[in-house]
Amino acid sequence: PDLWGHVRFGQAVLAQGHVVRHDPYSYSAPGHLWVNHEWLCEVLMGFMYNALGSFGLKLMKFGCSAAAVLLVADAIGESGAPILTQIAILLAMCAAICPQIQFRPQMFTFAGFAAILALLSRFTYRGRAPLWLAVPLIALWSALHGGFIMGLAALGVFGATAAAWDLGAGRGLRRGATVLLVTATAALATLLMPYGFDTWRAVLHALANPYTRAIMDDWQSLPHDIVQRFHNSPLSLAFPLLSIGIFLALVASVAIAPDFADLPMLAVAALIAIAAVTSTRNVGIATMAAAVPLAYH
């Protein structure tokens, strides 16, 4: 239901040559301040639709979906797991997240989060990675979809866990401090986008607004979603149950092989899993986050 509104808003920005800061559509509050924090996604949607029509939109969705899958495949590859294990986990992940790959701005969160996973996976299993790429990535992501906050959360919990673990092991704070510095710089970089602090206000308002969770299906809790699926479409239960299965497999594999060399990646997976239980819109990225340490263990 969002689709044509997003296309129209992007066409308006393209026509005017700048972001639209006042609402031209409202009949009850015309001209009210409009913080359209997904403006860049809409510009891309408007451009693709103007150029290629519906085919352009499908091409754009394919590009985001392909980027997400390929980047997670790269992240899983860094684990050093046997290739058949990597393929099995990747295919299971793709099947689980299928229903969430819709043509909405969230598709950029799937691609962006996969890119963060690829960077953190390389940093974990190789000991080095171009983490600075997260700074422009998060800045652009903040203009594409509010899910950028999950990318920052993943970076932050990774850095904090690495710092605490390394300090306890007598290895110092260098690894964790590096990631935390990148996290802070990336957060500041979001302020360079046209709406600046207002982008954060819009995202935090959506998170705190009780009506968001009351009205929007994908903002409701995972247990509520499972009950609704059971009553309305029992076959669709296969998707959330597959995601839950992937996470349970991760828990079991860590219990069987308790190697905590990738503890920061496990912390990221745990954080996003909690976010998924709270809101079903996070189930897809939680499945992606669990796939990487599952392959390693």
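At a probe size of 1.4 Å, how large is the accessible area of Met216, to the nearest 10 Å²?
Ignoring ligands and nucleic acids, Met216 comes out at about 80 Å².
Testing the spin-label approximation: label points 7 Å from Cα along Cα→Cβ at Val227 and Cys98. State their distance in nm.
Distance between the two pseudo-spin positions: 2.8 nm.
Could you work out the Kirkwood radius for the stretch 144-297, taking every pair of different alpha carbons, averaging 1/r and inverting it, reported in Å? Please report the intermediate quantities before stating the final value.
Values: mean 1/r = 0.0580 Å⁻¹.
Result for the stretch 144-297, one decimal place: 17.2 Å.
Could you give the dipole magnitude of the stretch 7-90 about its Cα centre, charging the beta-carbon of Lys and Arg +1 and that of Asp and Glu -1, in debye to the nearest 20? If you can, show how the numbers build up before the last one.
Working: 4 positive and 5 negative charges, 53 e Å.
I would put it at about 260 debye.
Rounded to the nearest 500, what is the 222 nm mean residue ellipticity of the chain from helices alone, with -39500 (n - 2.57) per DSSP H run of 4+ residues and division by all residues?
After summing the helix terms and dividing by residue count, I get -24000 deg cm²/dmol.
If you project the alpha carbons of the stretch 7-137 onto the principal axes, what extent comes out on each, in Å, largest first?
Largest first, the stretch 7-137 extends 58, 31, 27 Å along its Cα principal axes.
Would you be so kind as to identify which of Ala187, Ala88, Ala289 lies farthest towards the positive end of the dipole of the chain, taking Lys and Arg as +1 and Asp and Glu as -1 on Cβ and the Cα centre as origin?
Farthest towards the positive pole: Ala187.
Top mean-square fluctuation among Ile256, Ile274, Ile116, Gaussian network model of the chain, C-alpha springs under 10 Å?
In the Gaussian network model the winner is Ile256.
Kirkwood hydrodynamic radius, the chain, all distinct C-alpha pairs: what's the number in Å? Don't skip to the answer; put the middle values down first.
Details: mean 1/r = 0.0498 Å⁻¹.
Result for the chain stands at 20.1 Å.
Take the Cα coordinates of the stretch 144-195, assign each an equal point scatterer, and use the Debye formula without solvent to give log10 I(q)/I(0) at q = 0.21, 0.32 Å⁻¹.
Here log10 of I(q) over I(0) equals -0.71, -1.14.
Rounded to the nearest whole Å³, what is the per residue volume of the convex hull around the Cα atoms of the stretch 78-120? Walk me through the numbers on the way to the answer.
Numbers: hull volume 2.7 nm³, N = 43.
Enclosed volume per residue, from the Cα hull, is 63 Å³.
Rounded, prolate or oblate: which fits the stretch 86-221, taking a ≥ b ≥ c as square roots of the Cα gyration tensor eigenvalues, rounded meaning a/c under 1.5, else prolate when a/b beats b/c? Working shown, then result.
Values: a/c = 1.85, a/b = 1.30, b/c = 1.42.
Judged from the Cα gyration tensor, the stretch 86-221 comes out oblate (a/c at least 1.5, b/c at or above a/b).
Just to be sure I follow: if Rg is taken over the C-alpha atoms of the stretch 161-238 and Rh is the Kirkwood radius over the same atoms, what is Rg/Rh? Before the final figure, lay out each step's value.
Values: Rg = 20.1 Å, Rh = 16.5 Å.
When Rh is taken as the Kirkwood radius, the ratio is 1.22.
Measuring from a point 7 Å past the Cα of Phe62 along Cα-to-C-beta, which residues in the stretch 2-42 have an amide N at less than 15 Å?
none
Taking the inverse of the average 1/r across all pairs of different Cα atoms in the stretch 103-162, what Kirkwood radius in Å do you get?
Values: mean 1/r = 0.0857 Å⁻¹.
When all Cα pairs of the stretch 103-162 are included, the Kirkwood radius is 11.7 Å.
Toward the positive end of the charge dipole of the chain, about the Cα centre and with charges on Cβ (Lys, Arg +1; Asp, Glu -1), which of Val135, Val19, Pro240 goes farthest?
Toward the positive end, the furthest listed residue is Val135.
If the only charges are +1 at each Lys and Arg Cβ and -1 at each Asp and Glu Cβ, what is the size of the charge dipole of the chain around the Cα centre, to the nearest 20 debye? Intermediate results must be reported in sequence, preceding the final value.
On the way: 15 positive and 13 negative charges, 58 e Å.
For the chain, the charge dipole is close to 280 debye.
The values are calculated or read from the model by the stated rules, or taken from the named source; none is laboratory data. Please read all numbers here as calculations on a predicted model, not as lab measurements. Note that each Cβ is placed from the backbone with ideal geometry, even for glycine, and that neighbours are counted across all protein chains shown. Please note that ligands, DNA and RNA were not included when accessible areas were found on the heavy atoms of the full protein model with its side chains. Shrake-Rupley method; radii C 1.70, N 1.55, O 1.52, S 1.80 Å.
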